[in-house]
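Colleague: Sending over a structure as structure tokens; questions will come in a sec.
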Amino acid sequence: MLTRPPDPREDAQLLAAVTDGDREAFAELYRRHLPWLLVRLGRRCSSPEIVDEVVQDTFVAVWRSAGRWDRRGEVAAWIWGIGIRRLVDALRRSRPPADELTRFAGVESSAEEHVLLAVQYGDVGAALTSLSPELRAVVQATVLDGLTTREAARLLGIPPGTVKTRMMRARALLRERLA
């Protein structure tokens, strides 16, 4: 089987080419980002079927919305943002009640799935909703999406120090509202 050498273009150049309908550029982005996307989504969801569906939905969205990337931050962070939103949506659609999960032998939901449910439906969700959009975005990027401070800064287009400051303010407000 013949394999192609990797495309030397940067992710931003590939995404620009995808905007113009370049299927080879899209295939290269897929090859580069599929492995880590599968791993990171797999850490947040115990269902391989849901993860596979989310990955496919993510790359369809990348193909369709490549022109919407605003060139702030890393392409990988942009793809991750699409992927994690697709995962949350998929979990909302397919989520059996938590007590039903325990009935299946050998199937356990991940800790991340429990957190996502608590965030969506519990006191944590109400407290997060009460935060300003700026603080909520930092919490989502760092806590829910698992990005580092530097990755969150790139994704949100703000300095890393601002991410840290907003996270400190968000923690203080959440502590107050959840006490």
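Colleague: Return the loop-located trypsin sites (Lys or Arg not before Pro) in the range 12-99 (DSSP other than H, G, I, E, B) with at most 15 other Cβ atoms within 10 Å of their own Cβ; answer none if there are none.
Modeller: 71, 72
Colleague: Give me the one-decimal nm value for the distance between modelled label points at residue 36 and residue 172, 7 Å along each residue's Cα-to-Cβ direction.
Modeller: Result: 3.3 nm between the two label points.
Colleague: Which ³J(HN,Hα) values in Hz, rounded to whole numbers, follow from the phi angles of the range 81-88 under the Karplus curve 6.51 cos²θ - 1.76 cosθ + 1.60, where θ = phi - 60° and Gly and Pro get x?
Modeller: Couplings: x, 5, x, 5, 5, 5, 5, 4 Hz.
Colleague: While we're looking at this one, here's another question. Where does the charge balance sit around residue 175 when Lys and Arg score +1, Asp and Glu -1, over other residues with C-beta under 13 Å from its C-beta?
Modeller: Summing Lys and Arg as +1 and Asp and Glu as -1 gives +1.
Each value in this text was obtained by applying a stated rule to the coordinates, not by laboratory testing. Please read these numbers as outputs of a predicted model, since none were measured by experiment. Virtual Cβ from ideal backbone geometry, glycine too; neighbours counted across all protein chains shown.
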